[in-house]
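Notes follow once the structure below has been shown.
The values are calculated or read from the model by the stated rules, or taken from the named source; none is laboratory data. Everything numeric here is computed off the predicted structure, so don't read it as measured data. Here the Cβ is made from the backbone with ideal geometry for all residues, glycine too, and neighbour counts use every protein chain on show.
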Amino acid sequence: MYEKYVEIRDSRKLTDYRVSEDTGITKSTFSDWKSGRSKPKMEKLKILADYFGVSIEYFLE
């Protein structure tokens, strides 16, 4: 999932900081996903999907 997030984030020339500010998902949450310490909960996937204008399934493919 994190790879898909990075792909769409980078394609839109955004940073974790910007996404964090816009969505309310903390930067430490992104770090946890990246390191594998945690997996995103559905509520966070929904926020990201809405933010990027994609389906939740986009992140799960």
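Can you tell me how many residues in region 45-61 are modelled with pLDDT under 95, among the charged types (D, E, K, R) and in a helix (DSSP H, G or I)?
So the count comes out to 1.
Listed here are the residues, each with its yes/no results for (1) loosely packed, with under 13 Cβ neighbours inside 10 Å; (2) over 14 Å from residue 5 (Cβ atoms).
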| position | (1), (2) |
| --- | --- |
| 24 | yes, yes |
| 34 | no, no |
| 42 | yes, yes |
| 54 | no, no |
| 57 | yes, no |
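Sort out which residues of region 1-41 are part of a loop (DSSP other than H, G, I, E, B) and of a type in the set (Ser, Thr, Tyr), and write them in order of number.
Scanning region 1-41 gives 15, 26, 38.
So which pairs qualify, if the first residue must be in region 1-18 and within 16 Å of residue 44 (Cα to Cα), the second must be outside any loop (DSSP other than H, G, I, E, B) and acidic (Asp, Glu), the Cβ gap must be under 9 Å, and the two must be at least 6 apart or on different chains?
Short answer, once both residue conditions are applied: 9/16.
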